[in-house]
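We did not get these values from a lab; they are worked out from the coordinates using the rules stated. What you see is a predicted model; the values in this text were computed from it and never measured.
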Amino acid sequence: MSKKQQKSEQHYRNDIVKKMRALSVYHVEFSHTIDTLARTLYDYDRTLKSFEDSGGNVVIKHTNKAGATNATKNPYYLALEGMREDILAYSRELGLTPSGLKKINESSMRPARPSALAEALKAFGG
């Protein structure tokens, strides 16, 4: 991906907000989580590019201090695995996955429980 093709954090943020608005789950209070997800998506793209540039092999050979060569997971791949989990978790929290959207919709559909004070005032005709 060239520099012109590489997306910015702001691009990801705008895309996340657009998707949340389409699902009617956007609230300005989610800005911090949206920013974190946007940064994670941006970092994921950059790390994926580095992984591909390194050959795209999941397992690489590593020579330790003693001179022994061992097969080990590519550090870029390990980073990508962690970021995938983070992306899914943040997406779920923002309602951008089916289970996350279901959880948000169920909690917003639950009727508000009146406070004890409201009930007492209502009993006195207030």
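Its relative contact order, with pairs defined as Cα atoms under 8 Å and 6+ residues apart, puts the chain at 21 percent.
Each residue of the stretch 33-47 was assigned a 3J(HN,Hα) from its phi angle through the Karplus curve 6.51 cos²θ - 1.76 cosθ + 1.60 (θ = phi - 60°); the sequence is 5, 4, 4, 5, 5, 4, 5, 5, 5, 4, 4, 4, 4, 5, 5 Hz, with glycine and proline shown as x. How far, in degrees from 0 to 90, does helix 98-109 lean away from the longest principal axis of the Cα atoms of the chain, to the nearest 10? Relative to the chain, helix 98-109 is tipped by roughly 20 degrees. Derived scalar couplings between HN and Hα for the stretch 56-63 equal x, 8, 5, 10, 10, 9, 10, 9 Hz in order, rounded to whole Hz, by the Karplus curve 6.51 cos²θ - 1.76 cosθ + 1.60 (θ = phi - 60°), x for Gly and Pro. Labels on offer are [x] -0.52, -0.67, -0.95, -1.08; [y] -0.57, -0.73, -1.05, -1.20; [z] -0.71, -0.83, -1.04, -1.15, and the one holding log10 I(q)/I(0) by the Debye sum over Cα atoms at q = 0.13, 0.15, 0.19, 0.21 Å⁻¹ computed from this structure is [z].
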